[in-house]
1. Those residues that are farther than 12 Å from Leu46 by Cβ and assigned to a helix (DSSP H, G or I), I need them from segment 93-105; list them, please.
2. Quickly run through segment 117-135 and pick out the residues that are within 16 Å of ligand 2 (Cβ to nearest atom) and outside any helix (DSSP H, G or I).
3. Tell me yes or no: at least one residue of segment 106-122 is farther than 24 Å from Cys135 by Cα and open to solvent by less than 30 Å² (accessible area, probe 1.4 Å).
4. Please return the ranges of strands (runs of 3 or more DSSP E) entirely within segment 16-92 where 1 or more residues are under 30 Å from Pro118 (Cβ atoms) and within 16 Å of ligand 1 (Cβ to nearest atom).
5. For residues in segment 22-49 being in contact (Cβ under 8 Å) with a residue 40 or more places away in the chain and more than 19 Å from Val66 (Cα to Cα), which is nearest to ligand 2 (Cβ to nearest atom)?
6. If you check Cys135 against the conditions, is it open to solvent by less than 40 Å² (accessible area, probe 1.4 Å) and more than 21 Å from Lys18 (Cα to Cα)?
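The values are calculated or read from the model by the stated rules, or taken from the named source; none is laboratory data. Everything numeric in this text was worked out from a predicted model, so none of it was measured. Methodologically, a virtual Cβ is constructed for each residue, glycine included, from the backbone with ideal geometry; neighbour enumeration extends over all protein chains shown. To get the accessible areas, we keep the full protein, side chains included, count just its heavy atoms, and leave off ligands, DNA and RNA. Shrake-Rupley method; radii C 1.70, N 1.55, O 1.52, S 1.80 Å.
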Amino acid sequence: MPAWGVLVLLWATVEATKDCPEACTCQHLETMGLRVDCRGRGLTELPDLPAHTRQLLLTNNSLRSVPPGAFDHLPQLQTLEVEQNPWHCDCGLTYLRLWLQDRMPEALWLMHCASPNPAANLPLHNLTGFQLGNCGWQLQTSWPAVPVLAWLCCALLCTTEAKA
Ligand SMILES: *[C@@H]1O[C@H](CO)[C@@H](O)[C@H](O)[C@H]1NC(C)=O
Ligand SMILES: *[C@@H]1O[C@H](CO)[C@@H](O)[C@H](O)[C@H]1NC(C)=O
């Protein structure tokens, strides 16, 4: 192997391990991005993931939920393995469900719920958004509420903008 080849390899290895979560192993993909392998580590929550994560393997852990927005800072994320976790399929799982539905809907068949009771043993695919529950909010249908909602959204956006 030429010297530059060794250097590139070394660089890739250093880059791959730099931001790697402690519980996982990371590997550079030829297609750019990282493969982050966290299988079978007894994880109960998501580790801090490197921004260039492309493949994330979470199979065989003790994950029950994923916080809303958990993958928003991972624009390259394409593949998610979520099987063999005790997923708690209530409204808290809506973010993960929508993420999978948009990017890899076939995973919804493989992701089995462990709880709560009516959902237990069902693939996430078999639960509608309604069955997941609404976390206490209601879809607003009455017209007078629209300007109020628009105002709220606007206010929220402005605060986020100001913070950023
Ligand atoms: C799942 O992970 C545990 C460690 O948490 C390991 O002992 C077990 O062999 C793994 N099972 C499979 C099917 O990979
Ligand atoms: C899940 O839904 C499919 C149809 O979408 C159905 O064929 C299957 O039996 C259901 N599975 C369970 C465990 O209810």
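1. Step one: of segment 93-105, the residues farther than 12 Å from Leu46 by Cβ are 93-94, 97-105.
Correct list: Leu93, Thr94, Arg97, Leu98, Trp99, Leu100, Gln101, Asp102, Arg103.
2. Here is the first cut: in segment 117-135, the residues within 16 Å of ligand 2 (Cβ to nearest atom) are 117-132.
Within segment 117-135, Ala120, Asn121, Leu122, Pro123, Leu127, Thr128 meet the criteria.
3. Going through segment 106-122, the residues farther than 24 Å from Cys135 by Cα turn out to be 106, 110.
When the remaining residues are screened for being open to solvent by less than 30 Å² (accessible area, probe 1.4 Å), the result is none.
Within segment 106-122 (the criterion being farther than 24 Å from Cys135 by Cα and open to solvent by less than 30 Å² (accessible area, probe 1.4 Å)), the answer is no, since none of the residues qualifies.
4. Working: elements: 25-28, 34-37, 53-57, 79-81.
By residue number, 53-57, 79-81.
5. Initial filter on segment 22-49 (in contact (Cβ under 8 Å) with a residue 40 or more places away in the chain): 32-33, 39.
Next, only the ones that are more than 19 Å from Val66 (Cα to Cα) stay: 32-33.
Working: Met32: 36, Gly33: 33 Å.
So, considering only residues that are in contact (Cβ under 8 Å) with a residue 40 or more places away in the chain and more than 19 Å from Val66 (Cα to Cα), the one nearest to ligand 2 (Cβ to nearest atom) is Gly33.
6. On the way: open to solvent by less than 40 Å² (accessible area, probe 1.4 Å): no; more than 21 Å from Lys18 (Cα to Cα): yes.
No; evaluated as a whole, the condition is false for this residue.
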